[in-house]
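Bear in mind that the values in this text are calculations on the coordinates, not laboratory data. No experiment lies behind these values; they were computed from the predicted model shown. Methodologically, a virtual Cβ is constructed for each residue, glycine included, from the backbone with ideal geometry; neighbour enumeration extends over all protein chains shown.
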Amino acid sequence: MIATAAPSATASAATALRAGVRVRVRVRSSDATARAVVEAKLISAGLRPAEAPDPFPQDVLVAVGDTVEAAIEAIRPGLPDGREQLLVVADVLSRHGALQALRAGARAMVLSAEATPERLAATIHSAHRGEGRLSHLALARLLDESPASAGPGRRPGTPTLTGRQLEVLRLMADGHGNEAIAATLRCSKHTVKNVIYELMGQLQVRNRAHAVAHAVRTGLI
């Protein structure tokens, strides 16, 4: 996930904690070191991992591995059966791995390098609410793009967007709604709607998902 989304992620997690929202998290991995790193980040964010082996309703199961495939393998045969939400944290995210995670019921995927305590907490709270969350880097893998294509370099003929439009696009790619985008950019929801309307016209896309996919493919984000 991208750095511009961090303030919103922090605010979201902090708001949930203040509201007394209880989220039980279980971390599983075949790599004890990788598991310990993720658990330490969760504790830092105010989420203490549970040791109980049996899932409770609305638990969030965090599968950790060097690849998505390894993370999924670490939780077999206990794949989510509707009683808990799945979050995958992996060092490497391939298209095959991302599709496997989605088939396994993953609500969200986070690259290890991007998994700050705040971002993990925000993603876990989103998963707990039944919401999906993919960074634009994860989306790039799903579209079978190379990591370089998700960088700032644009392909020839790609429309030039303003700084504000790019910020909104990146936050949209990170799964944020208009209200969260407005809070992050400190502007009104009406302004966000106008920016989205303008950039959809410039990119000639049908909806938000199409806008994000197009932006990733052309290297805008």
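Annotation: Cα Rg of segment 152-217 relative to the compact-globule expectation 2.2 N^0.38 Å equals 1.04.
Rank by packing, highest mean first: peptides 170-179, 118-127, with packing defined as the count of other Cβ atoms within 10 Å averaged across residues.
On the way: 170-179: 21.5, 118-127: 25.2.
Highest to lowest by the protection proxy: 118-127, 170-179.
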